[in-house]
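The values are calculated or read from the model by the stated rules, or taken from the named source; none is laboratory data. In this text, all values refer to a predicted model and were calculated from it rather than measured experimentally. A quick note on method: Cβ atoms are made from the backbone with ideal geometry, for glycine too, and the neighbour counts reach across all protein chains shown.
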Amino acid sequence: MARLLVTVSGAQVRSSKILESMGRLAPERGLTVSNDKGVRMKCIVVLLLLVISNVALAEGRCPPGQYPVGGQGVGGCAPIPGGQAGGESSGPMPTGKWETRWGALAQDTDHQVGQNLAIGVAEVKKTKREARSLALSECQRMGGQKCKVILEYHNQCAALAGPVIGSVPLVDVKTVAYRSPNEEDAKVESVRRCESEGKGRSCTVIYSACSMSEFKPFR
């Protein structure tokens, strides 16, 4: 009689071995073994289903992303190579970070009529202190006697506007500084406010710049 070769979870089981063990396993499973060939084959199918269900239960005892390890009586779970425990996938690793950048404007508060207005500026500095210090020192270098920071900003833009007659800025009148996320907006608003405070005089942009955040990659 030809033997039936069955593969279950990587192991080969011959029908003769199954038939030999049927007499022992059948009573335990509540089955009756018959000499009829058709009945015996049905019993084989039933036993195979029981074996497969046991294998599935064994594999199902581990959480998603892991597989069972260990021999009979000693079981455990191990992560599937290349997989994530619990079936969760992590997002992409960050490659860097955004760093804040500072800017500042300073001008001489002791400005005399007829003298040039001393102005100092700082752009794209790592700290507020650094930006303020540079703006003050630049104002003093331009001849300012009592320099004072009139505007500080970070991750945005700034503009300074002053009144003009024709095309010549009036350096002996009050200036207006304004900050905004957009440089053009800062320029427009500084001019608008300057003209509003300048008693009808036209104003123009004296200075504008941006100190936007910078991306620094990890090394």
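A few remarks follow.
- Candidate set: segment 177-203, residues that are modelled with pLDDT under 95 and part of a strand (DSSP E or B); chosen: the one surrounded by the most Cβ atoms within 10 Å (Cβ to Cβ): Cys203
- Test: residue in segment 146-163 that is modelled with pLDDT of 95 or more, charged (D, E, K, R) and assigned to a helix (DSSP H, G or I): no
- Leading residue by the ranking (farthest from Pro163 (Cα to Cα)) among those in segment 90-124 that are modelled with pLDDT under 90 and among the hydrophobic types (A, V, I, L, M, F, W, C): Met93
- Against the conditions (1) under 33 Å from the mean Cα position of the chain (by Cα); (2) in a helix (DSSP H, G or I); (3) without any contact (Cβ under 8 Å) to a residue 60 or more places away in the chain, Ser137 satisfies every one except (1).
- Candidate set: segment 101-123, residues that are aliphatic (A, V, I, L, M) and assigned to a loop (DSSP other than H, G, I, E, B); chosen: the one surrounded by the most Cβ atoms within 10 Å (Cβ to Cβ): Ala118
- Subset of segment 205-214 that is part of a strand (DSSP E or B) and at pLDDT 95 or above - its residue that is farthest from Ala118 (Cα to Cα): Glu214
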